[in-house]
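Inspection log for the structure reproduced underneath, given as structure tokens.
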Amino acid sequence: MFTGLIREIATVKSFAGSTLTIKSSYKSKLGDSIAINGACLTVVKVLPDGFSVELSPESQKHLAMENYKNQVHIEPAMMMGDKFEGHVVQGHIDAIGTIKEIKNNGNSFDVFISVEKKSIPFIVPKGSITVDGVSLTVNDVNADSFRLTIIPHTMKETLFKNYRKGSKVNIETDMFARYVSHIISHQKASLTWDEVDSITAQY
């Protein structure tokens with residue numbers, strides 16, 4: 001499990017076949033889970049200046065691979081007793097989004113991202129979303145896109161500063177929205193609001 005708070009912007013040393021090698025100050029161990037641009041991957045080799053992970057063909061098919069060059073966001077998995085910040089992130093990428101527009105408001109940036117319509121039900125206004133591993137709050141949701149507001153600190157300290165119109169990004173939607181939707185879709189009869197509240201309370 002992760003929180004969506006980026007611990008380091010690391011450098012990609014190489015990407016050959018299915019092996020992605022990262023130069024990082026983070027000292028990993030063999031078998032560690034590390035979110036790279038939001039995708040949970042496993043350390044298969046430890047190096048003096050970083051580590052290597054493996055991306056299966058299935059992973060590569062569902063990730064914005066254009067962002068696994070140059071620099072990447074990394075976040076090690078949470079350990080028992082760690083301070084919980086951000087939001088609950090699984091490191092499971094649900095969709096690839098496309099940056100539609102970045103609007104500079106002076107003291108903040110509005111970022112508009114389009115996604116496939118099938119992902120929209122799991123993107124909740126004022127709810128949480130992860131974009132390339134960064135925990136963010138959704139402001140508005142439209143038929144095929146959503147809007148985020150990024151503060152200058154986040155823009156400066158993450159790879160958002162490099163994104164432009166047309167950039168692809170990994171999206172992890174709200175875990176609780178996905179779970180509730182799955183449960184409801186497999187119910188034989190319609191649920192009452194009390195039953196929906198009961199399901200939500202379980203998570």
Can you name the number of the only condition in (1) in contact with a helix residue (DSSP H, G or I) (Cβ under 7 Å, 6 or more places away or on another chain); (2) modelled with pLDDT of 70 or more; (3) not charged (D, E, K, R) that Thr158 fails? (1)
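Residue-by-condition table, conditions (1) within 27 Å of Ala10 (Cα to Cα); (2) modelled with pLDDT under 95; (3) surrounded by 13 or more Cβ atoms within 10 Å (Cβ to Cβ):
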| residue | (1), (2), (3) |
| --- | --- |
| Val111 | yes, no, yes |
| Ile123 | no, yes, yes |
| Gly127 | no, yes, yes |
| Tyr163 | yes, no, yes |
| Val169 | yes, no, yes |
| Trp193 | no, yes, no |
Out of contact with any His (no Cβ under 9 Å at 6 or more places or on another chain), small (Gly, Ala, Ser) and touching a residue at least 40 places away in the same chain (Cβ under 8 Å): which single residue out of Ser25, Ser33 fits that description? Ser33
Is at least one residue of segment 116-129 charged (D, E, K, R), on the phi > 0 side of the Ramachandran plot and assigned to a loop (DSSP other than H, G, I, E, B)? yes
When you check Glu54 against the structure, is it in contact with a Lys or Arg (Cβ under 8 Å, 6 or more places away or on another chain), closer than 30 Å to Phe122 by Cβ and among the charged types (D, E, K, R), yes or no? no
Filtering segment 37-68 down to residues that are in a strand (DSSP E or B) and not aliphatic (A, V, I, L, M), which residue is farthest from the chain's Cα centre (by Cα)? Lys45
Hits in segment 71-103 (condition: within 19 Å of Ala39 (Cα to Cα), among the small types (Gly, Ala, Ser) and modelled with pLDDT under 80): Gly86
Among (1) modelled with pLDDT of 95 or more; (2) more than 22 Å from Ala95 (Cβ to Cβ); (3) out of contact with any Gly (no Cβ under 7 Å at 6 or more places or on another chain), the one test that Lys27 misses: (1)
Checking Ile9, Ile34, Ile22 in turn, the sole residue that is touching a helix residue (DSSP H, G or I) at 6+ places or on another chain (Cβ under 7 Å) and assigned to a strand (DSSP E or B) turns out to be Ile9
Among the candidates Glu54, Glu58, which residue alone is within 21 Å of Ala95 (Cβ to Cβ), free of Cβ contacts under 8 Å to residues at least 40 places away in the same chain and outside the structural domain of Thr154 (by TED's automatic domain parsing)? Glu58
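Quick one: which of Val72, Val88 is outside the structural domain of Thr158 (by TED's automatic domain parsing), in contact with a helix residue (DSSP H, G or I) (Cβ under 6 Å, 6 or more places away or on another chain), within 27 Å of Thr149 (Cα to Cα) and not hydroxyl-bearing (Ser, Thr, Tyr)?
Of Val72, Val88, the one residue that is outside the structural domain of Thr158 (by TED's automatic domain parsing), in contact with a helix residue (DSSP H, G or I) (Cβ under 6 Å, 6 or more places away or on another chain), within 27 Å of Thr149 (Cα to Cα) and not hydroxyl-bearing (Ser, Thr, Tyr) is Val88.
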Out of the residues in segment 55-85 that are surrounded by 13 or more Cβ atoms within 10 Å (Cβ to Cβ) and in contact with a Leu (Cβ under 7 Å, 6 or more places away or on another chain), which is farthest from Asp132 (Cα to Cα)? Leu55
So Asn67 clears everything in (1) in the same structural domain as Ser52 (by TED's automatic domain parsing); (2) of a type in the set (S, T, N, Q); (3) in contact with a Ser or Thr (Cβ under 6 Å, 6 or more places away or on another chain) except one condition, right? Which one? (3)
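The values are calculated or read from the model by the stated rules, or taken from the named source; none is laboratory data. These numbers were taken from a predicted model, which means no experiment stands behind them. Neighbour counts are summed over all protein chains in view; Cβ atoms, including those assigned to glycine, are modelled from backbone coordinates with ideal geometry.
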